[in-house]
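Enquirer: Dropping a structure here in structure tokens format, bear with me for questions.
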Amino acid sequence: MSYLADHDPEIAEIIEQERLRQINGLELIASENVVSKGVLEAVGSIMTNKYAEGYPGKRYYGGCQFHDIVENIARDRLCELFGAEHANVQPHSGSQANQAVYMAYLKHRDVIMSQDLAQGGHLSHGSPVNITGKWYTISHYGVDSKTEMLDYGAIEEQARKEKPKLIVCGASAYPREIDFKAFQEIAESVGALCMADIAHIAGLCATGLHNSPVGIVNFTTTTTHKTLRGPRGGAIMCNEEYAADIDRSIFPGMQGGPLMHIITGKAVCFREAMHPSFTDYCRQIVKNSQTLAEVFLDEGLDLVSGGTDNHLILLDLTSQGITGLEAEQALEKANITVNKNTIPRETRSPFVTSGLRVGTPAVTSRGMKEDEMRTIAGMIADILKDIDNDAVIRQIHAQVEALASSFPLYPEIPPADLS
């Protein structure tokens, strides 16, 4: 940052403060991670200078020969990583990847069935405040009121009644494994297409720690910056029969020029995810999540569905008599970053909530394991049980800084050959 320090010290100082925040704090937001130095170098490279509208071999600008190569590498690596027939790596985000699928195969007011945002779904799956909810007819399914897990029998019954054109599966706050094959079978039984949004669990799907929808459902969308540990962006995978429609829907349908520096970073992250160490990393994500859950339960805290199968835990704070917003703010004072979240049967506003979402990808990238999770869970529980105790928060703040600063910010990526 030496150039910025000289030429724009105001921005350089903000970046430095954010670096210190990340180093000295515990990032437990389930949708966030820490990229490698390789991804950072790629994203900050001169690949950002080039317009490359179109696709490799068919660009609307000259001078794209090296951008063609890197985009082909990114596509090939993603296909190899997931066993996909076709990949589009141009979506700027997971939401735009989702919108591209909708636009390719749906008409205005067609029916989409998807998981309710308040019960674990995502904004882009049909929330009334999102373009999806405004443009299409949405029929939401939720979780069982007792188990707080997906009830596939109830979902099938709903599909037979609603007759959707598309069924969306995948979630942003669902701590249990999703049966993608069951969703595809339900979709086929009612003549619908099926899209799996694996933005949160893509790394787990790629390494076999969660069943993968690729090659099972019609379309798989993802982000690249959560458990895949890449730059912020999106991607779509599908079989060849859908490739042309999907590609046209992204460009020229949804987007103009792709962000080639981000696609370069995606290529780097896909290669990193092919290394055997990445499977170990994802396995540790799940171990860490389950360790947090065990300690939370031992501390008398309530968990939605009673536990977790993946990278996140959803705390139900109803019995604590506090809101998700209050919990988030108290923990942030101690340099523990989490996010308030709705829970099944939510009675509060999405800006307040009764739940708290906690995830392990970022702290796992820094090298933390079960022992650190027990310590972290204990600190979180101590604050949640007494959120107005500033003395406790100050004490835990010091403990958090000591713990976090003893682990490097950037993940260690082995340089071993992948051949």
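The values are calculated or read from the model by the stated rules, or taken from the named source; none is laboratory data. All values reported here derive from a predicted model rather than from experimental measurement. As a convention, Cβ positions derive from the backbone with ideal geometry for all residues, glycine included, and neighbour counts pool all protein chains shown.
Enquirer: Of 331, 317, which residue is among the hydrophobic types (A, V, I, L, M, F, W, C), modelled with pLDDT of 95 or more and closer than 19 Å to residue 119 by Cα?
Expert: Only one candidate passes the filter, namely 317.
Enquirer: With under 24 Å from residue 202 (Cβ atoms) and surrounded by 23 or more Cβ atoms within 10 Å (Cβ to Cβ) as the only criterion, which of 277, 289 stands out?
Expert: 289
Enquirer: Residues of segment 233-249 being within 25 Å of residue 278 (Cα to Cα) and either small (Gly, Ala, Ser) or in contact with a Gly (Cβ under 9 Å, 6 or more places away or on another chain) (or both), which ones?
Expert: The answer is 233, 234, 235, 237.
Enquirer: Before we move on, is residue 240 out of contact with any Pro (no Cβ under 6 Å at 6 or more places or on another chain) and either in the same structural domain as residue 218 (by TED's automatic domain parsing) or within 16 Å of residue 96 (Cα to Cα) (or both)?
Expert: Taking the combined requirement at face value, the residue satisfies it.
Enquirer: Related question: Only residues that are free of Cβ contacts under 8 Å to residues at least 60 places away in the same chain and more than 22 Å from the chain's Cα centre (by Cα): list them for segment 12-40, please.
Expert: Hits for segment 12-40 are 12, 13, 14, 15, 16, 17, 20.
Enquirer: When segment 188-217 is examined, which residues are found to be in a helix (DSSP H, G or I) and either in contact with a Pro (Cβ under 8 Å, 6 or more places away or on another chain) or assigned by TED's automatic domain parsing to the domain that holds residue 339 (or both)?
Expert: Those that are in a helix (DSSP H, G or I) and either in contact with a Pro (Cβ under 8 Å, 6 or more places away or on another chain) or assigned by TED's automatic domain parsing to the domain that holds residue 339 (or both): 203, 205.
Yes/no per residue for (1) touching a residue at least 24 places away in the same chain (Cβ under 8 Å); (2) of a type in the set (A, V, I, L, M):
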{"site": "322", "(1), (2)": "yes, yes"}
{"site": "325", "(1), (2)": "yes, yes"}
{"site": "329", "(1), (2)": "no, no"}
{"site": "334", "(1), (2)": "yes, yes"}
{"site": "349", "(1), (2)": "no, no"}
{"site": "352", "(1), (2)": "yes, yes"}
{"site": "366", "(1), (2)": "yes, no"}
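Enquirer: Hey, which of the helices (runs of 4 or more DSSP H) in segment 305-419, taking only ones fully inside, have at least 1 residues that are more than 15 Å from residue 292 (Cβ to Cβ) and hydroxyl-bearing (Ser, Thr, Tyr)?
Expert: Ranges flagged: 361-365.
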